[in-house]
Amino acid sequence: MPTRQAISLRKLLSIFLIPLFGCFARLSAEGPSGRDSLKIGFQPEIFEQGQVVMVTVTGEQGIKRVSGRFRDREVYFQRDEDGKYRALLGLGLRIKPGQHRLEIEADFQDAQAQKVYRDISVSRKVFALQRLTLLYPLSEKDLLRVNREKTRLDKIWRKETRKRLWNGGFIRPLEGEWGSGFGLRRMINDEPRSPHTGVDIIAPEGSPVRAVNSGRVVLTDDLFFSGNSIILDHGQGLYTMYFHLSKFLVKVGQKVAKGDIIGLVGSTGRASGPHLHWGVRLQETRVDPISLLSLPLQ
């Protein structure tokens, strides 16, 4: 028969050690050395400034929710029809080359959780340089207008619709010859200016411009630099822009499907000829639209 001293020792163990081991188990589930069933994939696997990257999370059993953070911003994961969770990361044009940490947490059906970290090593990308001469600098009135429009656009970028509005892969908005590329550095009158934050597609006046994916129209207006401009909200902080149009064929608040004609090519605003400037913002970062086209999105 156990002695009274042995019984007391068992009670002490149950009071102190059992909760302690329970705590260790929970930490193991949440730490990098927890379940080995959680798998993280990236596409592309080499990271450069200006890229859009697709992150895929899979597990062998019972994931019910995935969340994440990258550069102090929420990462929106959504479960697709194949059972995998996917999200888009924007490695902006001005992101600092080097290591950037991605945090991912998965909640499982059995109430366990796993938190993992992945360091994304971003390489510097060298962009081409263009030198321009501007004979007539902007007037004070023009500068005031430009600043008002920038403030208005910044408010749009800061709004993030949590629901994903896009569906499947993205398409080109227009067939035509590629013009000035993303990230093109500009020297105007020998002074450095903002780089080109989209891609140009050269096409005849009046050519139809299509929505690259489903979304909602949040702006149709004539802006100083970009002329007749359309902005589509695709949800989760992803916006696409269509500039220098000759005509609008949609209205603010209208829902559009992938491939819908939303406007016609023009040369409005500061444009040297008919073309479409196509831009993308992802969670307020400027990213290369072409990098969206190659992603195998569901």
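The values are calculated or read from the model by the stated rules, or taken from the named source; none is laboratory data. For clarity, every value in this text was computed on a predicted model and none was experimentally measured. Using ideal geometry, Cβ is built from the backbone for each residue, glycine included, and neighbour counts are taken over all protein chains shown.
Annotations
- Any chance P296 is surrounded by fewer than 21 Cβ atoms within 10 Å (Cβ to Cβ) and farther than 30 Å from F77 by Cβ: no
- Restricting G183, G168, G259, G263 to residues that are within 15 Å of P289 (Cβ to Cβ) and either under 25 Å from the mean Cα position of the chain (by Cα) or not in a loop (DSSP other than H, G, I, E, B) (or both) narrows the list to G183.
- Taking each residue of region 67-96 that is over 23 Å from K125 (Cα atoms) and touching a residue at least 24 places away in the same chain (Cβ under 8 Å) and looking for partners that are among the acidic types (D, E) and in a loop (DSSP other than H, G, I, E, B) with beta-carbon atoms closer than 7 Å, six or more apart or interchain, yields R86/D80.
- Out of L174, L93, L153, sole residue that is modelled with pLDDT of 95 or more, of a type in the set (A, V, I, L, M) and within 18 Å of the chain's Cα centre (by Cα): L153
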